[in-house]
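Following: one structure in structure tokens, then a few remarks.
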Amino acid sequence: MEKKVIRLAVFVSGGGTNLENIINYFSKDERVEVSVVVSNREDAYALVRAKNHHVPSCVITRKQFSDEPDVVMNAVKDCDYIILAGFLVRIPDYLIDAFPKRIINIHPALLPKYGGKGMHGHHVHEAVKAAGEKESGITIHYVNNELDAGEHIAQFRVALTEDDTADSIAEKIHVLEQAHFPQVIERVIFGL
């Protein structure tokens, strides 16, 4: 009997460094495949990374996410999990209902702090710096109907100093993302 390959859809809005890390991590694992990359922006560099790795991709606009569920559902119809890797569109309820506890997001802060509307990318690091936090980190969590409020899967922390800037905090967070995100996805999909 042929083993089932677990198919991942990765949703991205920007450069795609986490996407590329996920593709590379699973490239030698015959049990897992990044089968489609979905972006809400046609100028996202992540689409170039997908093409370079021969992964099919498509662009689905923010408006299509809200108004054309058939387009979205068709793009992910063969997928087992959806991975949000820097995706800046709120996930609609119909998608959450179709993929219960199978949509995984990474957030560049220690939720529940610095989550919610407007808290993405550099905005998060600027807020962390402005608050004088002694640590920051990443939160990998399931997506539910409330922004950044899904059940936590894992958190990883990094110490901050007074000398840190929003840019240096971003670099520290990027190191955590690269080190941990693919492994946590693997743990979830294989129940490890």
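A Cβ distance below 9 Å, combined with a sequence gap of six or more or placement on separate chains, defines the contacts here; from the stretch 99-115, residues that are without any contact (Cβ under 8 Å) to a residue 12 or more places away in the chain and more than 14 Å from residue 88 (Cα to Cα) reach residues that are aromatic (Phe, Trp, Tyr) and surrounded by fewer than 19 Cβ atoms within 10 Å (Cβ to Cβ) in the pairs 100/142.
Annotation: of all residues in the stretch 54-111 being among the polar types (S, T, N, Q) and surrounded by 15 or more Cβ atoms within 10 Å (Cβ to Cβ), the one that is nearest to residue 146 (Cα to Cα) is 105. Filter the stretch 112-142 down to the residues that are within 16 Å of residue 11 (Cα to Cα) and out of contact with any helix residue (DSSP H, G or I) (no Cβ under 6 Å at 6 or more places or on another chain), then identify the one that is surrounded by the fewest Cβ atoms within 10 Å (Cβ to Cβ). So the residue we want is 121. The single condition from (1) of a type outside the set (Lys, Arg); (2) outside any loop (DSSP other than H, G, I, E, B); (3) more than 20 Å from residue 177 (Cα to Cα) that residue 82 fails is (3).
Out of the residues in the stretch 160-189 meeting the condition of being free of Cβ contacts under 8 Å to residues at least 40 places away in the same chain and part of a helix (DSSP H, G or I), tell me which one is nearest to residue 102 (Cα to Cα). Going through the qualifying residues, I end up with 187.
Considering the conditions (1) touching a residue at least 40 places away in the same chain (Cβ under 8 Å); (2) surrounded by 18 or more Cβ atoms within 10 Å (Cβ to Cβ); (3) under 12 Å from residue 105 (Cβ atoms), residue 152 is excluded by exactly one of them, (2).
Read the figures in this text as sums done on the coordinates, not as results from a lab. Note that the structure is predicted; figures quoted are calculated from it, not measured. Every residue, glycine as well, gets a Cβ built from its backbone with ideal geometry; the counts of neighbours run over all protein chains shown.
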